[in-house]
Each structure stands twice: as C-alpha cells, then as structure tokens.
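Peer 1: First the structure, then my questions, so here it is.
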Amino acid sequence: MTPNLVSALSRATQRVGVPQVSGPMAIVPLFGPDRVGYAGPRSGLRLGDVHTYGSLDVESAGPGLCIVPLHIGWIQKGAQNHALCRSLFLAPGEKVRVDDACCVQASQGGYLEGADQWFFVLPLGVREAALSLRGTNEYSKLWDAITAFNKRFGRTRRGHLEQVIGSGRATLTRFRSRFELLDGQSGALFFLRGALVGFELAPNPAYFAELWPALVSFAYGAEAWGLEAHRGWQPPEEVPLAGDDLEALADALQAERRAHAARLLHAAERLNPRALELRSEDRCSGHELFTAEGDDFVGQVVRRDDDSLVYASLYARTASLEALLAA
Amino acid sequence: MTALHAIPLRDHVSAPGAHTGVGVRLLDLLSGPAGRFVVPRHGTTIDWEHHATHATCSEADPELYALGALADTTDAHRIQVLFQLLRAGRSGLTEAARHTADRVVTVLLAALSDDDVLTAFLALRRVRVHRAHATRAFATWLFGHPALAALVARRRPAVRDVLDHVLGVAVSRASLRAIASGAPALRLDRLGVATEDLGPVAAWLLRDGSAPAAPVAERARLVLGSAPAAPRPRTVTVTNRGALSAALVHLWRGTPSDALRSEVDDAVAARAATLPRFDGRLALVLDTSASMAGYGDRALASVSQATALWLCLSRCVADLRLVSAGASISHPSAAYGLRAAGATDLASGVIDALRTAPDLVAVVTDGYETVRSGDLARLVQALPGAGVDTPIVLCTVLFTAADDLTHRRPAPGLPELSCWHEDDFDALITRLCARAPGPVGRRFLCDALRRRLPEV
C-alpha cells in the first residue's frame, strides 16, 4: 500500500462521533468533508434493464460522479433480484452493462412482495465471497454463500437471500431507529461484540444518508439480528453504576462512556491500512477504484488524484466474522 | 363503563425507591383486573377479590378513594368503590370529604347498572352494616328510579331485601303499605323521598296484586372516566391521531405560514383546556432525536405526538422544566421549526432533569435509546443508592396501540405509560402526575378526578 493512501485513510475523517450501542452491535459515526460533485445511490443511480440472469444495466440518474456502492443489490417485484460483486464508476449520464452480477434468488419461488424497487447491500456474511467472484460471469455463483448465510438463521438452505432480508425486513429496518444517522455524518465504523467488522465511508453526508438504511439494516444489521435472534446473544454483565450522589453518578456514567469509546477505537486499530494490498480496478474523472485485501479485512476504496479518500467499504473477512459470531 | 382508551400502566413497583403513595396504589388497583364481586343468595360470605386492597385504600384516604371512581376503570371496580363508600362511616371526615363522598355515591348510582347497584347494597346487608347515608342513598335511588316498575318486576326479592335492611323490616313494610294505600310514608318523607304514584309498585313489593306496568324498560346511565373521545380511525395515519399532531405535521411538511402556526396554537389551546392541571414542578425529558422523525408511512408520527404532548404540558404544568434529548429546543415556540435530529441520550437527559429538583420526571420518547442502550436502566437502578428518589416515568409515544415494543423499553424497571392518540393525553397526564409524591401528587389527583365529577 502506498504511503500516500496510508495518510489518506488517516485523513479520511475529520471527526469521530459518540458511539451508539444497541444489542450486540455498536457504531462509531464518522464526519468528513461535504464534497460536491457526487451522485448518491438512491437519487443518482438507477437499475436499468435486466438482460438475463446475472446481466443488467446500471445507469447514472443525476449530475455528478456516481460511485456505485460495493455490493449494492436490488429487490424488484416480478424480476430476479441481483447484487453487484464490485463497485464501479458512472459518469453523469453513463450507462454500464454489468455481466458479473449475482442472482440472489435460487429459484422462481423467491419473489418478494412489494411494488417498489428497493436496494440493499449484501449482508456481511456473503460480501467476501461476492468480492472474490467479481469478474466471474455466472449468475448462480453466490448461492453457496447465501445458503450458508441462511443456514445461520435457521432458514432453508437455498440461495434465496430474501429468506433473511425479505422475510426479516420489518425487523431489519428497525435498525434505522436503533442507530440514528446524525447530521453531517459521512461514514461509520461498525462493531459486533466489540470487534470491528466494517468501515464505511462516503464522499459526502448526502450520499451516506442515502446509503445508510441499506448498510445499517442489511449489511450489518442482519448479522446483529442473527446474533440476537438465532445465537442467543445476551448482553454482557456490567458493573453497576455507583455514586454517592447525582453528580457522582453523572461522572461515573461519563467515565464509563469514555472508556467504552476508547475500547472501540482501540478495536478499530485492527484495521491496519498498511497491511492492505491494493489492486487498481477502475478510473474516472480523477478518481481511482482499488480492491483492498488484508489478512482480516477486504473491500474496495476510491481515492482521488489529490490523494484524498472519498469512498471506502472495508469489512471483516468471512472467517474472521464466523469466529467472532461463534465466540 | 370499561375504560375507552385503556392505557396499561406497567408499574414495576419492585424498582427500589418507587413511589407508592395511596394515589398510585389506587390507580394501579383500578387499572388492573377487578375480579369477582358476587353476593351468593345464601350464606354469610361474599365472593370478592381485591376487597382488602379496596378497603385499605378507602381507609388510608377516604376522599381520594371516593374520587377514584372517576378514574378510567371498570364498573367491576366501581361496584367495590360504591360498597366501600356505603360501608364506611363519615365521622372524622372533613365537610369537604363528606360532600365528595355523597356526590360520588350519587354519581355511581346513576352510572352503574341496576344489578351492580343492588349487588353493592346486598353486600352491605351481608356484612350487616347500617349507615344513615346508605339508607338515604338507596331510598333516593330506588324511589326516584325512572324505570322502577321494570326494576321491581325483575328483581323484586333483591330490592325488598335491601329495603328491609336499610330501613329495618318493620319500617320497610309499613312504608310500603302506606305507599300502596296512598298514605304518607313518614320515614321516607323525612328522607326527602317522594313516593306519589308508586302504589302499584309498593303493592308488588309486598307480593300483593299483579306486576305493575313498566312503561320505561331501563334508565339512561352516566358515563364516567376521562372524556369520551371520537371514534378511533380504522386505518391510522400520521395525521389522524389528533388535531394537534396533525397540525404540526402539516406545518413541518408544508411551507411555514402564520395560518399553519395559528392552527397549531388553536389546537394546543383546545386540547389543553380539557386537561388536568399540575401545580408542581415537572421535569420533561423530551426525545427529539433522529429516530423520532421516523420514515415511510410513519414519518413524523412520533415527533409530532411527543411535541403535542409537550405543548399541552407547557399549558397545564405550573413549573415545567424541559430537557431535550437530541435536537436542542428550549421553548414552545421552537416547536414550529422543530426537526428531530441527533442521537438519543436518555440517561444524560434524566440526570439533567433531576438537577432541576423536580417533583417528578417524565421521559417522553419512542423508546429507542441509541447512546449506549442500557445506560438509562443502569442509572435508574443506581439512583436510590445515590439518595435520589424522585419518581421517573417513561412515556412512550406509539404509532398505534399495537406497536411492537421490542427494543423500545430502555428501562424496564421504570413505570411506563404510552399514548398514540391525542385523546390519550388526559389519562396519561393523570397517571403521570399522580406519581408526584406527597401533597403535590394527592392534590393533583384529587383535582384531576374531581373535574370529571358530573352534576347529577
């Protein structure tokens, strides 16, 4: 990894926010610059024609460069549901045919209800598999990973992703309330059981706000739900708060929170930028897309020619995740 | 009358330091199941549940207990209240308390069904208690009954048994013979009871003659409890859960205008005029965080109803101290431009609220605690050890009464109230402010319930 990108990762955020915790998941909000010239994944991106299984068009739908989020997928009524294995650039007005998309339904029986098209981001547990299969033009390539993912939720072992994110949509979307998007927030660190499992960064707060529901509900919330509902996760025993008076309790509470935040940020150091190997995948308008791979984390990042990091989706490898979930 | 808008009070009184004054115990009793109250035809006992608790509350605070009949409760409880009021002596009561007891008895006799009234008096007979006020109450009720003939035709033995008990057998029979023959019934005259044109009824009670004609089958009954509300919508939307929350939603969604702001002001005034007044200090932790904004079909539902409640409290509470958890607000005028934002730190909010030395703390929230969920529960648990025993009540704003509260109970050790419609505000504020300790809470509850006492 180039020294410049190391410093870029370090400079990526201007401020780290107060952690939010609900159940086994924690999030540390990140606040970065409000960059202009970028199209968001809801307002600036559209799923176009689906040519055949695994082959579809994605289209720019607004002004500005669109960085298609890594592992975005779409649920449509009356059509096979797909997810992308990789991020890519869309210049304003551009349409790109993607032939290495993953079909996330194994058979006709999996159509979701609901008239609207809505997008998601692949759950954490299948993301590494998806990334490793980029460039492979085989629509069923993710079914084994989806089957294994479904098994963790006690679902039928089929390659239907909606068995979890569709049937569990009402529960999963409540993660939007359990973790609150803050004004100016452009990224987040995601933790499960106190261990870092994801680093998501957007070019600006508007982009991140459009991506947030898919990240918190489906990409990371699904795994948290799995811990709560299917692995019998229980909150850890905590030492009771104690104080001789109200002010002593207030001090004790703040001290605990500072210590907790410090623990999370220490855990975040497990993502070592220097340990990531980068491979360039795409270029557009002064931006370069890299695939990043390390021992414990993989994903993709976008760096501008001025060396600033404008997009990142780095997440725990499946083996690390499964070890964490089984602990 | 069963409670129209039953607001379950999940009062976990096991929480250390929880206030359990008479008012709170009474409301808890009256909001729970009433159980049986049956006077068997034969025997010497009464089959009744919760009798002991009713008796305890009655003895602890007779005036407040009497007013409890006006709470949102069931007739099954009101029968027990009527029985206790009839059973209890009046010596030692203040003039005001006696007057209250008399009024409540009159109201209960007008509200309860005939069978329920007879049950209460039969129970009095079973326990062999005679009270002058009970005699007067029954005689007035019976001989002023608009459907007396129908009542007597249906329940002759019970009516006669009670009349024999309250007047004494000899006086009862003599009175009935007098009425039947058109002569004055002196004892009833002294009670101020009119008995003209009741000859056939009296004869029937004496087992003489045929059943009298019953032109009126049954009497109209009073409805008690908080003011009856308009029918609830079958399909709930964000703008049909009360005029005030709807006005706020339209103001926030539309282009702000004087007309929309006036609509909010008018709705606040109209609703606040119907609500009880609290003359103590209430610290309100108002959740104004991002989750309160909601999304989809429920966008603005939580924040609008919470804001509506806040604006009403600002009119009804003499000393309201506001602490916002989320977007910072300080004055009711800020409601016009309120935008829910920020994370939910309820624990810090409660600490700030307690610093104002209130009589009571209310936390109005959608229930999602995001800044370290669990902190509020731990704080609540630690407060007694820190010498803090101020009552804290969690008030959850719902979209409908059927909301799933999973992950929305940040402190199960706290007493909880909820509301989803503006018509719930009266009952919620009553249950909330009744928890203020000492004279402040008692005075509030008495005034709040007395407001509901109809003229009969």
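The values are calculated or read from the model by the stated rules, or taken from the named source; none is laboratory data. Treat the numbers as computed from the prediction; the structure is a model and nothing was measured. A quick note on method: Cβ atoms are made from the backbone with ideal geometry, for glycine too, and the neighbour counts reach across all protein chains shown.
Peer 1: Is there any pair with a first residue in region A:23-51 that is of a type in the set (Ser, Thr, Tyr) and a second that is part of a strand (DSSP E or B) and crowded, with 18+ Cβ neighbours inside 10 Å whose Cβ atoms are under 7 Å apart and which are 6 or more apart or on different chains, and what are they?
Peer 2: A:38/A:65; A:38/A:67
Peer 1: Looking at region B:349-372, which of its residues are over 14 Å from residue B:286 (Cβ atoms) and surrounded by fewer than 21 Cβ atoms within 10 Å (Cβ to Cβ)?
Peer 2: Of everything in region B:349-372, those that are over 14 Å from residue B:286 (Cβ atoms) and surrounded by fewer than 21 Cβ atoms within 10 Å (Cβ to Cβ) turn out to be B:355, B:357.
Peer 1: Test of understanding: among B:136, B:41, which residue is surrounded by fewer than 19 Cβ atoms within 10 Å (Cβ to Cβ), in a helix (DSSP H, G or I) and on the phi < 0 side of the Ramachandran plot?
Peer 2: Values: B:41 fails: in a helix (DSSP H, G or I).
Of B:136, B:41, the one residue that is surrounded by fewer than 19 Cβ atoms within 10 Å (Cβ to Cβ), in a helix (DSSP H, G or I) and on the phi < 0 side of the Ramachandran plot is B:136.
Peer 1: Within region B:406-451, track down each residue that is small (Gly, Ala, Ser), within 15 Å of residue B:61 (Cα to Cα) and either surrounded by 20 or more Cβ atoms within 10 Å (Cβ to Cβ) or within 14 Å of chain A (Cβ to nearest Cβ) (or both). Spell out how you get there, then give the answer.
Peer 2: Restricting attention to region B:406-451, the residues satisfying the condition of being small (Gly, Ala, Ser) are B:411, B:413, B:418, B:427, B:434, B:436, B:438, B:441, B:448.
Now restrict to residues that are within 15 Å of residue B:61 (Cα to Cα): B:434, B:438, B:441.
Matches in region B:406-451: B:434, B:441.
Peer 1: Could you please give the count of residues in region B:320-354 that are assigned to a helix (DSSP H, G or I), aliphatic (A, V, I, L, M) and facing another protein chain (nearest Cβ under 9 Å)?
Peer 2: Total meeting the criteria: 3.
Peer 1: For region A:150-207, which residues satisfy the criterion of being of a type in the set (Val, Ile, Thr) and farther than 29 Å from residue A:294 by Cα? Lay out the reasoning, then the answer.
Peer 2: Keep residues of region A:150-207 that are of a type in the set (Val, Ile, Thr), which gives A:156, A:164-165, A:171, A:173, A:197.
Those that are of a type in the set (Val, Ile, Thr) and farther than 29 Å from residue A:294 by Cα: A:156, A:171, A:173.
Peer 1: Mind listing whichever residues of region B:283-319 are assigned to a loop (DSSP other than H, G, I, E, B), within 12 Å of chain A (Cβ to nearest Cβ) and in contact with a Gly (Cβ under 7 Å, 6 or more places away or on another chain)?
Peer 2: Taking region B:283-319 first, the residues assigned to a loop (DSSP other than H, G, I, E, B) are B:289, B:294-295, B:299-300.
After this cut, where a residue has to be within 12 Å of chain A (Cβ to nearest Cβ) as well, the list is B:289, B:294-295, B:299.
Across region B:283-319, the qualifying residue is only B:289.
Peer 1: Return the residue satisfying two criteria in turn: it lies in region A:151-162 and is surrounded by fewer than 22 Cβ atoms within 10 Å (Cβ to Cβ) and in contact (Cβ under 8 Å) with a residue 40 or more places away in the chain, and of such residues it is farthest from the other protein chains (Cβ to nearest Cβ). Let's see the steps before the verdict.
Peer 2: Residues of region A:151-162 surrounded by fewer than 22 Cβ atoms within 10 Å (Cβ to Cβ): A:151-158, A:162.
Then drop every residue that is not in contact (Cβ under 8 Å) with a residue 40 or more places away in the chain, which leaves A:152-154, A:158, A:162.
Details: A:152: 21, A:153: 17, A:154: 18, A:158: 27, A:162: 19 Å.
Checking each candidate, the answer is A:158.
Peer 1: When region A:215-240 is examined, which residues are found to be part of a loop (DSSP other than H, G, I, E, B), more than 14 Å from chain B (Cβ to nearest Cβ) and over 29 Å from residue A:185 (Cα atoms)? Talk me through it step by step, then tell me what you get.
Peer 2: Our first condition is that a residue be part of a loop (DSSP other than H, G, I, E, B); within region A:215-240, this holds for A:220, A:231-240.
Now narrow it down to the ones that are more than 14 Å from chain B (Cβ to nearest Cβ): A:220, A:231-232.
A:231, A:232 - these are the residues of region A:215-240 that are part of a loop (DSSP other than H, G, I, E, B), more than 14 Å from chain B (Cβ to nearest Cβ) and over 29 Å from residue A:185 (Cα atoms).
Peer 1: Additional query: Within the group A:177, A:167, A:140, A:186, which residue is among the small types (Gly, Ala, Ser), within 14 Å of another protein chain (Cβ to nearest Cβ) and either over 23 Å from residue B:344 (Cα atoms) or surrounded by 22 or more Cβ atoms within 10 Å (Cβ to Cβ) (or both)?
Peer 2: Values: A:167 fails: within 14 Å of another protein chain (Cβ to nearest Cβ); A:140 fails: within 14 Å of another protein chain (Cβ to nearest Cβ); A:186 fails: within 14 Å of another protein chain (Cβ to nearest Cβ).
Of the residues listed, the single one that is among the small types (Gly, Ala, Ser), within 14 Å of another protein chain (Cβ to nearest Cβ) and either over 23 Å from residue B:344 (Cα atoms) or surrounded by 22 or more Cβ atoms within 10 Å (Cβ to Cβ) (or both) is A:177.
Peer 1: Only residues that are more than 16 Å from residue A:21 (Cβ to Cβ), touching a residue at least 12 places away in the same chain (Cβ under 8 Å) and not in a loop (DSSP other than H, G, I, E, B): list them for region A:241-279, please.
Peer 2: Those that are more than 16 Å from residue A:21 (Cβ to Cβ), touching a residue at least 12 places away in the same chain (Cβ under 8 Å) and not in a loop (DSSP other than H, G, I, E, B): A:273, A:274, A:275, A:277, A:278, A:279.
Peer 1: Out of curiosity, is residue B:388 in a loop (DSSP other than H, G, I, E, B), of a type in the set (A, V, I, L, M) and touching a helix residue (DSSP H, G or I) at 6+ places or on another chain (Cβ under 7 Å)? Talk me through it step by step, then tell me what you get.
Peer 2: Numbers: in a loop (DSSP other than H, G, I, E, B): yes; of a type in the set (A, V, I, L, M): yes; touching a helix residue (DSSP H, G or I) at 6+ places or on another chain (Cβ under 7 Å): yes.
In short, yes.
Peer 1: Quick one: in region A:223-241, of everything that is farther than 10 Å from residue A:24 by Cβ and of a type outside the set (Gly, Ala, Ser), which residue is modelled with the highest pLDDT?
Peer 2: The first filter runs over region A:223-241 and keeps only residues farther than 10 Å from residue A:24 by Cβ, leaving A:229-230, A:232, A:237-241.
With of a type outside the set (Gly, Ala, Ser) added as a condition, the list becomes A:230, A:237-241.
On the way: A:230: 85, A:237: 87, A:238: 84, A:239: 86, A:240: 90, A:241: 94.
So, considering only residues that are farther than 10 Å from residue A:24 by Cβ and of a type outside the set (Gly, Ala, Ser), the one modelled with the highest pLDDT is A:241.
Peer 1: Still on this structure, I have one more. Take the residues in region A:241-259 that are crowded, with 16+ Cβ neighbours inside 10 Å and more than 7 Å from chain B (Cβ to nearest Cβ); name whichever of them is nearest to residue A:313 (Cα to Cα).
Peer 2: Among those that are crowded, with 16+ Cβ neighbours inside 10 Å and more than 7 Å from chain B (Cβ to nearest Cβ), it is A:256.
Peer 1: Take the residues of region B:391-438 that are in contact (Cβ under 8 Å) with a residue 60 or more places away in the chain and of a type in the set (Val, Ile, Thr): which is farthest from residue B:245 (Cα to Cα)?
Peer 2: Ranking the candidates gives B:430 first.
Peer 1: Could you list all residues from region A:191-200 that are more than 14 Å from chain B (Cβ to nearest Cβ) and either under 27 Å from residue A:237 (Cβ atoms) or among the polar types (S, T, N, Q) (or both)? Can you show your working first?
Peer 2: First, pick out the residues of region A:191-200 that are more than 14 Å from chain B (Cβ to nearest Cβ): A:192-193, A:195-200.
Passing the criteria: A:192, A:193, A:195, A:196, A:197, A:198.
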